[in-house]
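The values are calculated or read from the model by the stated rules, or taken from the named source; none is laboratory data. None of these values were measured; they are calculated from a predicted model. Using ideal geometry, Cβ is built from the backbone for each residue, glycine included, and neighbour counts are taken over all protein chains shown.
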Amino acid sequence: MARLELRARYWSVLDFLSRNIGKSDPAIIRIIDGAPPSASLKGLCLFAHYDRDGILDDHVVHYLEQLHGLGYEIILISTSENLRDDSITSALPFCRSIIVRENVGFDFSSWKVGFDFVGTLSTYDRLVLANDSVYGPVRDLRDVFARMESRNLDLWGITDSYEFRYHLQSYFLVFSKTTFESRPFQRFWSKLPYHKFKISLVRECEIGLSERLLKAGFHLGALCEYARIKSEHPRLVTQAEKISDVNKPANSSLALWRLLVEDYGCPFLKVMLLRDNPLGDKTLSSWPAVLEGAGDYDIGLIHLHVNRIASPR
């Protein structure tokens, strides 16, 4: 009982912090205009970026190019207050605008800034929220979109999670027009505070957005569904859960990365995985062969980034 009470008190403190920080909007440092809005681009992508050195790496530019090629107008929001001019130049052909803002509030705050900048979403048929926490796409996103849109979902992502409570992981989310024009969606963003702590952000935003839309009756799904993976590969998932935390659902994007890419068509690999190897995966050195088997993605882009971020500041 004491443990449950301690946990409840822990969450109540986080709730208090979530409600009482970040009351003012983050400062906008620069807005760089790219290609003007085009009637041929029926989707909108708000793309969140951060880099300690103010760099938009080539793998990020490649990602932007792929999204733009799918018919998405891109607003890139960077919290790198020192964003370099050469990085801006390389990304601008694929972006309607690049917004450089004060580094507070994480990705959800960047997306909120993007919504405020765009204003009305009525001219768009689809909305994508994405960030630079992944490498890829390592396979054609057209195939992924076709597969997921055939399921007639209101909101979908690449991976879902049962950590804390069920939700879609927010590094890549796709919303239907009905969903992003709905009152629950709009109220979520209008009331969003600028979170200071990552754990409260996950609980109130990543989990909170999924829960709000589920409660409103929208249909959510993931390309790589945890429940399906667990039913089809129980031994591997049990091992992953023990490594992650006994009896705790694993983060499949980290613990089951190889299975996701090879068997479930996952188009991304998490940057954190190669940067930190948080679970001490002894098979991680096989990632180049795994990605080369998935498609024609240039893994040299990943090598360049890994080598740069591994170097001293």
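Numerical summary
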item	result
Filter result (among the acidic types (Asp, Glu), without any contact (Cβ under 8 Å) to a residue 60 or more places away in the chain and under 23 Å from residue 41 (Cβ atoms)) within the stretch 61-115	65, 73
Every residue from the stretch 148-172 that is in contact with a Gly (Cβ under 7 Å, 6 or more places away or on another chain) and either farther than 19 Å from residue 209 by Cα or of a type in the set (Phe, Trp, Tyr) (or both)	151, 156, 172
Qualifying residue in the stretch 284-307 (condition: modelled with pLDDT of 95 or more, more than 21 Å from residue 143 (Cβ to Cβ) and part of a loop (DSSP other than H, G, I, E, B))	no
Qualifying residue in the stretch 225-246 (condition: touching a strand residue (DSSP E or B) at 6+ places or on another chain (Cβ under 6 Å), of a type in the set (Ser, Thr, Tyr) and either surrounded by 13 or more Cβ atoms within 10 Å (Cβ to Cβ) or assigned to a loop (DSSP other than H, G, I, E, B) (or both))	yes
Members of the stretch 249-296 found to be in contact (Cβ under 8 Å) with a residue 40 or more places away in the chain and touching a Pro at 6+ places or on another chain (Cβ under 7 Å), listed by number	267, 268, 272
Residue check, residue 120 β-branched (Val, Ile, Thr) and at pLDDT below 95	yes
Subset tally (residues that are assigned to a helix (DSSP H, G or I) and either modelled with pLDDT of 80 or more or not aromatic (Phe, Trp, Tyr) (or both)) for the stretch 13-40	6
